[in-house]
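Beneath this line is the structure, given in C-alpha cells, with notes to follow.
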Amino acid sequence: MVYLSFTEQDTILDTHEFYYYSKMVENWGSPPDTAMMSKEIRNLKMIGGVFKDGERVWSHPVDFSYENYLWYSDSEYLGEIYDIDIPLFVTFGEIDLLPAASVSNGDYEYYFAVEFIPPSEFILRIVPASILTVLFMIILFIFIKQYLSPINKIKRRILALEMGDLDATINISGHDELADLSGHINKLILDIKSLLTKKQELLSDVSHELRSPLARMQLLIEMMPEHKNLYKLKQEVYFLERIISNLLLSDKLSIPYRTLDINKIFLPDFIDRIIARVTNSSTVLKLMLDTPPISVHVDDTKMRIAFLNLIDNALKYGGTEKPVEVACSVGKLFFYYSVKDYGPGISPADVARLTDPFFKASTNKRKDGFGLGLSITRKIIEAHGGKLLIDSKLDIGSEFTIKIPLVRILKSAK
C-alpha cells in the first residue's frame with residue numbers, strides 16, 4: 001500500500017464522503033455483520049473485503065485483494081481542514097486503476113473499489129449512439145427551421161415595424177395559412193402608414209390654422225397703446241400658444257414610429273445652457289453638479305425640453321421656502337439628472353398617474369398648467385432608452401430623476 005498526496009483533489013465533498021463511509025462501516029458493527037456488509041456492497045455495485053491483521057475475514061469476490069492499493073487523501077487531514085468530526089480513519093485511492101477507499105476501526109480494515117466500464121468499451125458503446133443523435137438533431141433543426149421560415153419573416157417584419165420601418169414588406173411564398181397571414185400584415189402596415197400620414201397632415205393644417213390668428217393677435221397687441229390689462233392679454237395669447245405647442249409635441253412623441261434628431265453635444269455646456277434658461281437661477285436653484293467633461297449623443301432640443309420641464313415643475317409646485325436642488329452625475333452604467341423640491345409632496349395614488357397626459361396631482365390642481373409637462377418628459381426620456389423615476393412624500397417634497405444607460409448616449413462620443 002502506497003500513499004500519494006494530491007491536495008488539489010481534496011474538497012469538502014471528499015470530506016462528506018469520508019464521513020458516510022465511516023458511518024456505513026460503523027453500522028456493520030465489530031466484528032462486522034458480513035451478511036449486511038455483503039448486501040450493501042452488492043447493492044452499491046462495489047467489490048471489497050474486510051481484513052484483520054492482514055488476514056481475509058470476508059470479501060466479494062473471494063479473490064479480492066488490496067495489495068495494489070494506492071491512496072492519496074485521508075479523513076484525518078481533510079476533517080481537520082473543514083472542521084468535520086469523522087469517527088473512523090478513511091482514505092481514498094485506487095486499486096488497479098479502479099476508484100477505491102479504505103476504512104479502519106482499529107480492529108478491522110475495510111477496502112472497497114468501484115467497478116466501471118473501461119474507456120475503450122465505453123467509447124465503442126457511446127460514440128456511435130452520440131453521432132446518430134447529433135445527426136438526428138441536425139436534420140430535425142433544418143426541418144423545423146425550414147418549416148418555421150414564414151414565421152421568422154413575420155417576426156423580423158414586426159421588429160422592423162417597431163423601429164419605424166413602414167415601407168418594407170413580407171415576401172410571400174406559397175398559398176397556405178401563413179402566406180395568407182403575411183398578406184394581411186402587409187396590408188395592415190400599409191393602412192397604418194396611410195393613417196399616420198393623414199394624421200400628420202391634419203395636425204399640420206390645424207396647427208397652421210390656429211397659429212395664424214394668434215400671430216395676428218400678437219401683432220395687434222403690440223400695436224395697441226399701453227393699458228393696465230395689456231400684459232394679461234399678452235399672457236393669454238402666450239397661454240394659447242403653449243397649449244398648441246404642448247399638444248402637438250405630446251402627439252408626436254406618442255407615435256411609436258418616432259425618430260430622434262440625434263446630435264453630439266458636450267455635456268457640461270448642455271447643462272449650463274439648461275441652468276441659464278432659469279430666471280434668477282442663483283437664488284431659486286441649489287446646484288449639485290458633478291458633470292464630467294464628456295460628449296453624449298441625444299436629441300438636443302427634446303432633451304432640453306425634458307430637463308427644463310422638471311425644473312419648471314419644481315419651481316411652480318415646490319414652494320419657495322427652500323431652493324430647488326438640481327443634481328447631475330455619471331456613474332459606471334447610468335447618467336443621472338435629478339430635481340428635488342420641498343413642496344407639499346404628492347400622494348402615492350397620484351404618483352402612479354403623474355405622467356399621464358392632462359393629469360394634475362390633487363395638491364397642484366389650483367396651479368396653472370395643462371398636465372402635459374411630465375408626460376412629455378417621460379416620452380422623451382423613454383425615446384432615449386431611459387426612465388423617469390418619481391419619489392414623493394406628502395408634506396416633505398418630491399424628487400424627479402432621469403436615468404439613462406450610458407451605452408445609449410456615449411456611443412463613439414469622443
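Details
- Neighbours by Cβ (under 9 Å, 6+ apart or cross-chain): first from segment 260-284, more than 21 Å from Ser338 (Cβ to Cβ); second small (Gly, Ala, Ser) and part of a helix (DSSP H, G or I): Leu260/Ala383
- Selected residue (criterion: nearest to Ala113 (Cα to Cα)) from residues of segment 41-84 that are over 54 Å from the mean Cα position of the chain (by Cα) and of a type in the set (Val, Ile, Thr): Val50
- In segment 324-342, of all residues being assigned to a loop (DSSP other than H, G, I, E, B) and either outside the structural domain of Leu389 (by TED's automatic domain parsing) or not aliphatic (A, V, I, L, M) (or both), the one that is farthest from Ala306 (Cα to Cα) corresponds to Lys332.
- Only one of the numbered conditions (1) out of contact with any Lys or Arg (no Cβ under 8 Å at 6 or more places or on another chain); (2) modelled with pLDDT under 90; (3) surrounded by 13 or more Cβ atoms within 10 Å (Cβ to Cβ); (4) farther than 18 Å from Glu399 by Cα is violated by Pro344, and that is (4).
- Residue within segment 205-213 that is under 21 Å from Gln146 (Cβ atoms) and polar (S, T, N, Q) present: no
The values are calculated or read from the model by the stated rules, or taken from the named source; none is laboratory data. What you are looking at is a predicted structure, and each value in this text was computed from that prediction instead of being measured. We place every Cβ from the backbone using ideal geometry, glycine too, and count neighbours over all the protein chains shown.
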